[in-house]
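Novice: Quick one: the structure is below, and I'll ask about it shortly.
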Amino acid sequence: PAYAHSDLVETTPAQGDVITEAPESISLQFNEEPLDSLVDVVITNAAGDIVAMDAAEASGTEVLVPWPGSLGPGDYTGAYRVVSADGHPVTGTFTFTYTGAASTDAAPMIDEAAAAEVLADVEPTGSNLPLIIGVAAVVVVVIALLAVRRRARR
């Protein structure tokens, strides 16, 4: 059977949420099951510093990351990279604000190299605007040529 890429359906905390209490975990819900061994979630603070990269686990269409107890009040971005059932990587980000207190002073162990890979995959490599404009221009020219050709036949 043909598979489409996984799409992120929702997150908890939701995109842009302001939460006052720490949940047990951060949840990412996809429209199809990602490959369990190929899921990564990195949490960065407003300065872009990596503050968490705990073991993300896929359970069906949901990816769960234990809440990093060392997160204090602030703005955070979750960056994710999963591999969909068709073998293609899917990346993206979501943001949330936490206004509660950290439950522990212990910072989680972070594999800096692995976290940097995830963040590099999520970072835009440049604008697709020139490509989109070029394709649109070609389409307009082809339509114009077809219209001229059709008028010439009449």
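The values are calculated or read from the model by the stated rules, or taken from the named source; none is laboratory data. This structure is a prediction, so every number in the text was calculated from the model and none was measured. With ideal geometry, Cβ positions are generated from the backbone for all residues, glycine too; neighbour counts draw on all protein chains shown. What goes into the accessible areas is simple: the full protein's heavy atoms, side chains included, and nothing from ligands, DNA or RNA. Shrake-Rupley method; radii C 1.70, N 1.55, O 1.52, S 1.80 Å.
Novice: Between Val18 and Thr61, what is the label-point separation in nm under the 7 Å Cα-to-beta-carbon projection?
Specialist: 3.1 nm
Novice: Ala56's amide H: which non-local residues (gap 5+, or another chain) put their own amide H closer than 5 Å, with H modeled 1.01 Å from N in plane and none for Pro or chain starts?
Specialist: Under 5 Å from the amide H of Ala56 lie the amide H atoms of Val41, each far enough along the sequence or on another chain.
Novice: For q = 0.13, 0.14, 0.16, 0.18 Å⁻¹, what log10 I(q)/I(0) does region 11-120 give under the Debye formula with an equal point scatterer on each alpha carbon and no solvent?
Specialist: Ignoring solvent entirely, the Cα scatterers give -0.44, -0.51, -0.67, -0.85.
Novice: Here's something else I'd like to know. How big is region 1-51 on each of its three principal axes, counting only the C-alpha atoms and giving the largest first in Å?
Specialist: Largest to smallest, the principal-axis extents are 43, 21, 18 Å.
Novice: Can I ask one more? Rounded to the nearest 10 Å², what accessible area does Leu145 show when all protein chains are kept and the probe is 1.4 Å?
Specialist: 110 Å²
Novice: Accessible area of Val41, 1.4 Å probe, to the nearest 10 Å²?
Specialist: Per-residue accessible area (Val41): approximately 0 Å².
Novice: Tell me the label-point distance for the pair Ala152, Ser103, using the 7 Å Cα-to-Cβ offset, in nm and rounded to one decimal.
Specialist: 7.4 nm
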